[in-house]
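Heads up, the thing below is written out as structure tokens.
Quick note: the coordinates plus some simple rules give every number you see, no bench work behind them. Just so it is clear, the model here is predicted, and its values are computed rather than measured. Please note: Cβ atoms are built from the backbone with ideal geometry, for glycine as well, and neighbour counts cover all protein chains shown.
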Amino acid sequence: MTVDTLAVETPSDVADTPDSTIPSVAATTPEPTPEPTSEAAPAPKKAPAKKAAGKKTKTIELTLTVTGTADGEWHAELKQGTTYLARGLAVAAAAVSRAAKELHEDLSTPIDEVIEEARSQQAAKVAALEAELEAAKKALADLD
């Protein structure tokens with residue numbers, strides 16, 4: 001908060017000072033002055049130092065590769081440079097979907113489409129196997 005005030009002049013002990021040399025409040029335009037500070041007030045804060053132009057922030061590059069199959073099996077590997085930190089880790093499709101959603105929508109949309117396609121293929125496979133099982137049960141019953 002800034003308050004514009006005029007500095008108060010201390011009265012002079014000299015009696016011969018004419019009153020005309022002291023400017024009146026109405027005749028002068030007050031200039032903004034900083035807020036008065038007490039002796040206990042902290043020094044004004046300096047602007048933060050700028051980083052040197054030659055220094056760059058150190059970055060760490062990790063490569064996470066997630067692969068999936070049409071059967072819905074997902075695996076992950078983590079690499080730093082040319083060194084593998086983890087390899088061939090089995091991960092659930094739901095975990096892949098959640099991780100992609102956490103990272104970015106542009107990642108989660110295509111991954112969810114791939115997972116949904118694998119889900120549809122597995123559902124069709126289950127339906128075909130159930131039909132085959134029913135046919136086998138019927139054939140077994142006819143043999144009795």
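Of all residue pairs spaced 6 or more apart or on separate chains, those with beta-carbon atoms under 6 Å, a first member in segment 72-85 that is under 21 Å from Gln122 (Cα atoms) and in contact (Cβ under 8 Å) with a residue 12 or more places away in the chain and a second member that is outside any strand (DSSP E or B) and polar (S, T, N, Q) are Gly72/Gln122.
I need the full set of residues from segment 61-78 which are on the phi < 0 side of the Ramachandran plot and assigned to a loop (DSSP other than H, G, I, E, B), in order please.
Listed by number, the residues that qualify are Glu61, Leu62, Thr69, Ala70, Asp71, Glu73.
Within segment 94-112, the set of residues being in a helix (DSSP H, G or I) and surrounded by fewer than 10 Cβ atoms within 10 Å (Cβ to Cβ) comprises Glu102, Glu105, Asp106.
The set of residues in segment 95-110 that are in contact (Cβ under 8 Å) with a residue 12 or more places away in the chain and in contact with a Ser or Thr (Cβ under 6 Å, 6 or more places away or on another chain) contains only Ala100.
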